[in-house]
Amino acid sequence: MIGRRHALKLALAGAAALAAPNVFAQVDKPRTRIVFLGTKGGPRVEPGRSNPANLVVVNGTPYVIDCGMGVSHQLAAAGIPLESIKYIFIGHHHSDHNLEYGNLVYNAWVTGLSTPVHSFGPKGLEAMTQTYWELNKFDIETRIEDEGRPDLRKLLIAKDINEDGVVLQTADVKVTAFRTPHPPIMDNFAYKFETPDGVIVFSSDTAYNPKLAEFAKGADVLVHECLYVPAVDRLVLKTKNGATLKKHLLESHTATEDVGRIAAAAGVKVLVLSHFVPGDDPLVTDDNWTEDVKKNFSGRIVVAKDLMQLALPV
């Protein structure tokens, strides 16, 4: 039985991870939980960690944060019916955060989606949505006529975020967006979820930004991206544009030591490390991810794994 105050649910690796939803189905689920769907930063698709995506579930309603490649599969693996998706939030328009945005909604549609989905993201999301309809016009219109499906184009309601502030408020959740720099992208948003069981903040990709600590002040859970600097040189060796990529990584992400500074300044109860860069280096251990964080943050640290769950209150 999962206690309300039991914090973590570890999904098993490999084939066992796919069986995890069956395990979860046999026990009572907490009212509010986070599911870490994809914890590897960057667009490369490789064995191991899936690309960036997170999920908050409150009173049975799923809120998807980012749609990296694999998000539909990971939601299914976590036991979330795709047709139950109601809200999607995109942090910024890098492909590892929006590549499966349209396909997630499409995949939900072909599994039975018939209710509206509201999506939120930086300027360009509305245009991206319209472009997706054009790209898939033949298939969508064929299935509407041939299979009797509702018009998907009327179900997805996209909204560009143009400024900081509350972007969604329901009976259960208030979601606030906060712009944080991810050079060269400045139209990039962190999200705060205020739920009946605690406050959750997702940093999005971000350079070191002390103002993010103010946004996350007193949060129960801060999910923060992280860069392990000693492994950057091994990562860039995999690419032909290594020098340029290294410059981007160092300027646009937050080193683990600085992640600790943010968490300490914010005074969060639990710091979850995710969106790992590099997220596919077998030489980088959990201890490596946390060692420099601990120089500045003495609270509880969780190294996220794909399909891991965290229940609130913590």
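Things to note:
- Enumeration of residues in segment 186-202 that are touching a residue at least 60 places away in the same chain (Cβ under 8 Å) and in contact with a helix residue (DSSP H, G or I) (Cβ under 8 Å, 6 or more places away or on another chain): A190, V201
- Residue in segment 267-286 that is under 22 Å from D96 (Cβ atoms), of a type in the set (G, A, S) and buried (at least 22 other Cβ atoms within 10 Å of the Cβ) present: yes
- Matching residues in segment 293-305 - criterion: being of a type outside the set (A, V, I, L, M), under 12 Å from L273 (Cα atoms) and assigned to a loop (DSSP other than H, G, I, E, B): K305
- If you go through segment 196-210 and keep only what is in a strand (DSSP E or B) and over 15 Å from L273 (Cα atoms), you end up with G198, V199.
- Every residue from segment 129-169 that is under 19 Å from P62 (Cβ atoms) and free of Cβ contacts under 8 Å to residues at least 24 places away in the same chain: Q169
- Residues of segment 198-210 classified as in contact with a strand residue (DSSP E or B) (Cβ under 8 Å, 6 or more places away or on another chain) and at negative phi, total: 9
- Members of segment 211-255 found to be of a type in the set (A, V, I, L, M) and either in a loop (DSSP other than H, G, I, E, B) or exposed (fewer than 13 other Cβ atoms within 10 Å of the Cβ) (or both), listed by number: A216, A219, L237, A243
- Test result for G260, assigned to a helix (DSSP H, G or I), out of contact with any Leu (no Cβ under 6 Å at 6 or more places or on another chain) and crowded, with 23+ Cβ neighbours inside 10 Å: yes
- Which listed residue, of E83, E46, is in contact (Cβ under 8 Å) with a residue 40 or more places away in the chain and surrounded by fewer than 20 Cβ atoms within 10 Å (Cβ to Cβ): E46
Any read-out appearing in this document is the output of simple, stated calculations on the displayed coordinates, not a laboratory observation. Since the model is a prediction, treat every value here as computed from it, not as a measurement. Positions of Cβ are backbone-derived with ideal geometry, glycine not excepted, and every protein chain shown enters the neighbour counts.
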